[in-house]
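In what follows, a structure is listed as structure tokens, so that the remarks can point back to it.
None of the figures in this text is laboratory data; all of them are computed from the coordinates on show. As the structure is a computational prediction, the values presented were derived from the model and not from experiment. We place every Cβ from the backbone using ideal geometry, glycine too, and count neighbours over all the protein chains shown.
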Amino acid sequence: MNGEGESSDDEKVRRLERRVERERAARHEAEKLLEQKSTELYHANQKLIALAEGLEQRVVERTQELVTARENAVRLAERDQLTGLANRMCFTRLLTEAIEGWSVGNHRFALLFIDLDRFKEINDTVGHDAGDAVLQHAAAMIKKAIRGHDIVARLGGDEFAVICNFIESPRDVERVAERIMVEFQNALGFRGRTLPVACSIGSAVVPDDACNMIDLQRFADIALYRSKASGRSVHTPFSATMNEEIHQRQTLENALRLALRNGDIEPWYQPIRSVSAGDTVAAEVLARWRKADGSIATPDKFIRVLEECGLMRELFVSVLSASCRAARPWVEQQRLQYLSVNVSPGQFKLGSLLDDVTDILECTGFPHNALQLEITEEALIYDLHAVSSQLEELKQRGVRIALDDFGSGYSSIGYLRRLPIHTLKLDRSLISDVATDVRARAIVSAIGEIAKAIGVELVAEGVETEAQALWLGRAGCDLLQGYLFGRPVSRATFEEGLLRSQPEHLTA
Ligand code: C2E
Ligand code: CA
Ligand code: CA
């Protein structure tokens with residue numbers, strides 16, 4: 001029993017041991033597999049990490065490339081190609097930053113506008129290569145003159161700008177401007193010739209003069225304009241009175257435009273007297289501005305402004321049509337032989353003179369041969385050929401031409417040969433001296449001889465005394481004009497005067 005019992009127990013134990021062994025083997029297998037799979041997973045993971053890192057690196061590199069490319073593009077877009085200076089775009093950004101910087105940190109700074117003097121002349125006469133060399137030279141000189149924390153830019157053409165940072169007093173701006181001027185004393189050697197380079201400077205300070213971009217630039221520009229007007233090669237700091245003057249000028253310009261539109265600039269008439277007949281035979285048309293308050297302004301108050309605004313053609317058209325309309329009856333009734341109307345030198349450049357005159361004569365029915373146009377030598381300096389062909393055309397149509405202010409400028413006798421001139425008007429400055437100055441007498445007598453010899457009518461302007469009138473008549477003047485015979489007067493007053501004096505053929 002025992003033996004049987006023992007053997008079955010042993011059997012059980014062995015079976016148990018075998019099972020335990022199998023299970024251990026199986027677990028070992030499983031653990032080995034698990035370990036193998038973990039290793040694989042680990043490697044796979046490592047690969048993935050490496051891959052991801054590689055990708056990330058590429059992305060970083062690529063981004064860096066793009067940033068650099070963009071920075072280069074911005075740098076290029078903000079550089080002036082010719083001089084390598086900051087360009088207008090960059091300047092605008094830097095100026096904006098400077099103004100923001102002021103509002104945050106209260107750093108006072110100045111804006112300098114620099115404009116080269118007579119650059120156009122060099123560019124036009126010596127050539128564009130020379131122009132480029134001048135601009136590069138100017139850029140280098142400005143760079144040399146400014147301080148380390150200042151910024152220089154080329155705004156375009158021959159305009160440069162400097163932002164002068166950390167200004168303590170106006171004297172600092174003055175010093176920088178002076179240094180620039182001193183640098184500019186170095187002329188530029190170009191292909192064996194010496195090119196003088198000079199500049200004008202205008203400046204405005206933040207916050208003393210302005211605290212915003214628009215005013216700051218406008219004020220620096222006004223100051224620069226003042227430098228140019230005062231004979232160039234100077235620095236002008238902006239001052240508040242300039243702004244006031246600009247405002248007044250703007251108001252004057254607007255008032256003049258309105259006056260022209262409303263016909264408030266009207267022709268007045270000054271008699272021109274014949275020496276032989278002793279009577280008024282012609283009239284010079286002189287513009288007068290009848291203002292809203294009833295006062296009358298003379299040309300010295302408005303002609304220059306009209307010229308600067310390019311409104312001389314408008315003035316001419318307005319004055320010529322009104323005077324032709326007014327004077328037509330005077331001419332038809334033979335009370336007046338002709339009207340003499342001033343032409344501004346700039347009108348020849350416009351090339352519209354011929355058409356304007358023809359149109360007005362047609363519209364008003366005014367006889368061509370009763371119109372005289374007064375031109376000055378200034379018109380001839382512009383382009384003698386172009387002017388003389390326009391004058392020739394006018395002459396063909398019967399219009400008379402007078403050379404005005406003769407004896408006040410260059411008075412080239414050559415003009416008398418080359419131009420179809422009918423009348424010569426001796427300048428007032430010569431006339432005022434004839435009573436006392438032997439040289440003035442000699443000159444007037446000689447011109448009188450020439451005029452007679454070449455068949456040109458001679459008029460003396462600005463005759464104020466009987467003595468002058470007497471002497472001028474003897475010296476060969478055909479006609480006299482001046483306060484002695486009458487000042488410029490309105491249409492009604494002039495007409496009254498004409499009616500009072502009977503025309504020559506009626507009294508004969
Ligand atoms: P201007 O053409 O030499 O005209 C003669 C000027 O001398 C006029 O001045 C006239 O009033 C003045 N005058 C005449 N006689 C005497 C005199 O005996 N003594 C003195 N001291 N002055 C005398 P005004 O009218 O002031 O005109 C000045 C200038 O303005 C004119 O000089 C002319 O250049 C210009 N101007 C006037 N009206 C016109 C116009 O309609 N068109 C253009 N383009 N210019 C005009
Ligand atoms: Ca005149
Ligand atoms: Ca004159």
Exercise. Mind checking which lysines have their Cα closer than 25 Å to the Cα of LYS228? Skip sequence neighbours fewer than 8 apart in that chain.
Key: LYS120, LYS143, LYS144, LYS301, LYS349
Quiz prompt | Computed Kirkwood radius, in angstrom, where 1/r is averaged over Cα pairs of the stretch 88-238 | solution = 15.5 Å
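Using the count of nearby Cβ atoms within 10 Å as a rough guide to exposure, how do GLU21, GLU253 rank from fewest to most?
On the way: GLU21 10, GLU253 16.
Ranking GLU21, GLU253 by Cβ neighbours within 10 Å, fewest first, gives GLU21, GLU253.
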Exercise. Select from ASN106, PHE160, GLY84 the residue farthest towards the positive end of the dipole of the stretch 77-181; place +1 on Cβ of Lys and Arg, -1 on Cβ of Asp and Glu, and compute about the Cα centre.
Key: ASN106
Quiz prompt | Within the chain, longest stretch free of exposed chymotrypsin sites (Phe, Trp or Tyr not before Pro) [DSSP loop, at most 15 other beta carbons within 10 Å] | solution = 167-409
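Hey, fewest Cβ within 10 Å first, where do LEU419, LEU258, LEU339, LEU82 land in order? Each step should come with its number before you reach the end.
Details: LEU419 18, LEU258 11, LEU339 26, LEU82 14.
Exposure proxy ranking, most exposed first: LEU258, LEU82, LEU419, LEU339.
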Quiz item: Restricting the count to DSSP beta bridges whose residues both fall in the chain, what percent are antiparallel, rounded to a multiple of 5?
Solution: 60 percent
Quiz prompt | Helix-only CD estimate at 222 nm, as mean residue ellipticity for the chain, using -39500 (n - 2.57) per DSSP H run (n ≥ 4) | solution = -18500 deg cm²/dmol
Quiz item: Sorted from fewest to most neighbouring beta carbons within 10 Å, what does the list HIS43, HIS235 look like?
Solution: HIS43, HIS235
Exercise. On a C-alpha basis, how far is the centre of the stretch 445-493 from the centre of the stretch 311-336 in Å? Whole number, if you could?
Key: 22 Å
Exercise. Run the dipole for the stretch 340-430 about the Cα centre, Lys and Arg Cβ at +1, Asp and Glu Cβ at -1, nothing else charged, and hand back the magnitude in debye, nearest 20.
Key: 320 debye
Practice problem: Taking the Cα centre of the stretch 88-238 as origin, sum charge times position over the Cβ atoms of Lys and Arg (+1) and Asp and Glu (-1), and report the length of that vector in debye to the nearest 20. | Solution: 320 debye
Quiz item: Which residue, chosen from VAL459, VAL134, PHE184, occupies the Cα position most advanced towards the positive end of the dipole of the chain, where the dipole is computed from +1 (Lys, Arg) and -1 (Asp, Glu) charges on Cβ about the Cα centre?
Solution: VAL459
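If I take every Cα pair under 8 Å that is 6 or more residues apart in the chain, average their sequence separation and divide by the length, what percent do I get for the relative contact order?
Numbers: 702 pairs, mean separation 47.9, N = 508.
Relative CO of the chain lands at 9 percent.
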Exercise. Please report, in debye to the nearest 20, how large the charge dipole of the stretch 148-216 is about its Cα centre when each Lys and Arg carries +1 at its beta carbon and each Asp and Glu carries -1 there.
Key: 520 debye
Exercise. Report the label-to-label distance for GLN333 and ARG474 in nanometres (one decimal), using points 7 Å from each Cα along the Cα→Cβ vector.
Key: 3.7 nm
Quiz item: Taking only the alpha carbons of the stretch 360-411, what extent do you get along each of the three principal axes, in Å, biggest first?
Solution: 37, 21, 14
Quiz item: Which FRET efficiency value, to the nearest 0.05, do you get for SER412 and THR358 by plugging their Cβ-Cβ distance into 1/(1 + (r/R0)^6) with R0 = 25 Å?
Solution: 0.30
Self-check item: Charge dipole of the chain about the Cα centre (unit charges at C-beta), most positive-ward option of HIS43, VAL206, GLN250
Solution: GLN250
Practice problem: Using Cα pairs closer than 8 Å and at least 6 residues apart in sequence, work out the relative contact order for the stretch 344-463, in percent. | Solution: 21 percent
Practice problem: Taking every Cα atom in the stretch 1-77, find the radius of gyration and the maximum pairwise distance Dmax, and write them in Å. | Solution: 32.6, 111
Self-check item: Alpha-carbon radius of gyration plus Dmax, which is the widest Cα pair, for the chain in Å
Solution: 44.5, 191
